[in-house]
């Protein structure tokens, strides 16, 4: 017998199938889900039929202090100091020239309503979108005094305006493997199965 290997947690039909995903309104499947994200720069609009696996969000960059930026924050979700989160989303070019980078960042809060700031950052790992969807990933170990977090999706360019499509945002506990076990009969999250 050969060994079994874990699949990527974000390669899924949609973000709601990612085990332990804390991001709600993660797939941008309706105008209401897009509106649930709070803008940081640029604009998000509902993009019917343009998501990785259905609908998505169209992000249009705006001039933000000499940078062209589009970014947004997810709804608030609970977090525990010391907990590690895998963060990410999918992005694809829509129009213009590709931005310099897209990152998966985070914002931390001292309360569950996400009203008391406790630090945050754009992501460290940089990705450049192309003609097909790619996964933008990152991770964060939750800091002291934090009760909740938000996922930040962001793309930026030093020189050009651009539009990108966003889909399938996630923030999951890094220790979480899959939502279902072998009892379900669904082994699709594994790279190989026993006959």
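The values are calculated or read from the model by the stated rules, or taken from the named source; none is laboratory data. What you see is a predicted model, and the numbers here were worked out from it, not measured in a lab. Cβ sites come from the backbone with ideal geometry, for glycine too, and all protein chains shown count toward neighbours.
Within the range 110-122, the presence of at least one residue that is part of a loop (DSSP other than H, G, I, E, B) and within 21 Å of residue 65 (Cα to Cα) is confirmed. The range 52-98 holds strands (runs of 3 or more DSSP E) entirely within its bounds, and those carrying 1 or more residues that are more than 19 Å from residue 37 (Cα to Cα) map to 62-64, 67-73, 84-96. Screening residue 49 with (1) surrounded by fewer than 20 Cβ atoms within 10 Å (Cβ to Cβ); (2) assigned to a loop (DSSP other than H, G, I, E, B); (3) touching a residue at least 12 places away in the same chain (Cβ under 8 Å) gives one miss only, at (3).
For the range 126-137, what are the residues that are closer than 24 Å to residue 16 by Cβ and not in a strand (DSSP E or B)? 129, 132, 133, listed by residue number. Go through 170, 133 for me and flag whichever is modelled with pLDDT of 85 or more, surrounded by 14 or more Cβ atoms within 10 Å (Cβ to Cβ) and touching a helix residue (DSSP H, G or I) at 6+ places or on another chain (Cβ under 7 Å). Of the residues listed, the single one that is modelled with pLDDT of 85 or more, surrounded by 14 or more Cβ atoms within 10 Å (Cβ to Cβ) and touching a helix residue (DSSP H, G or I) at 6+ places or on another chain (Cβ under 7 Å) is 170. The residues on offer are 59, 42, 65, and the sole one that is without any contact (Cβ under 8 Å) to a residue 40 or more places away in the chain, crowded, with 17+ Cβ neighbours inside 10 Å and under 20 Å from residue 100 (Cβ atoms) is 42.
Residues that are touching a residue at least 60 places away in the same chain (Cβ under 8 Å) and surrounded by fewer than 16 Cβ atoms within 10 Å (Cβ to Cβ) within the range 91-130 comprise 95, 96, 97, listed in sequence order.
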